[in-house]
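Asker: The structure's right below; bear with me while I get my questions together.
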């Protein structure tokens, strides 16, 4: 038994040693500027793009970066991991993902429909929401192939039909 435990421990430690220690990230330039003073001096800048920088870090430094973003900036995100330095550098190139994302058309999230939305929000009823949750949780499962899944789908369909019954569109 002791030999088995020793072999198992050796295998785990070998696997851990074989794991790549170097990690390639593209980090938002604004995030990096704010957090750079708190990062280890060993974090290497490899390439700088207009909006993101390629950095070389250890796994521990990636954890530290994530922790700093959450703690100091009170948010998630701000960097992407890449499988190689080449992939990371491509992401910030003029043909890379960063530039594609900037030029892509995404939804406009300006809040401009207050006149329409505010009356709807006023109609939200906590009891009705809790009732809906209660009704849905009473189905044994909502897996679409099960008997209760079919019934739950019909329940949801009928609920939406009822909600939309006075709409002309």
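The values are calculated or read from the model by the stated rules, or taken from the named source; none is laboratory data. This one's a predicted model, so the numbers in the text were calculated from it and none came from an experiment. Here Cβ is always computed from backbone atoms with ideal geometry, including for glycine, and neighbour counts include all displayed protein chains.
Asker: Just need a number here: residues in segment 130-169 that are within 21 Å of residue 120 (Cβ to Cβ) and in a loop (DSSP other than H, G, I, E, B).
Answerer: So the answer is 6.
Asker: Related question: Looking only at strands (runs of 3 or more DSSP E) that lie completely in segment 42-98, which have at least 1 residues being under 21 Å from the mean Cα position of the chain (by Cα) and exposed (fewer than 14 other Cβ atoms within 10 Å of the Cβ)?
Answerer: Correct list: 79-82.
Asker: Of (1) within 21 Å of the chain's Cα centre (by Cα); (2) modelled with pLDDT under 90, residue 111 satisfies all except one. Which?
Answerer: Here residue 111 clears every test but (1).
Asker: A further question follows. Among the listed residues 157, 165, which satisfies the condition of being more than 29 Å from the chain's Cα centre (by Cα), at pLDDT 90 or above and loosely packed, with under 10 Cβ neighbours inside 10 Å?
Answerer: Exactly one residue qualifies, and that residue is 165.
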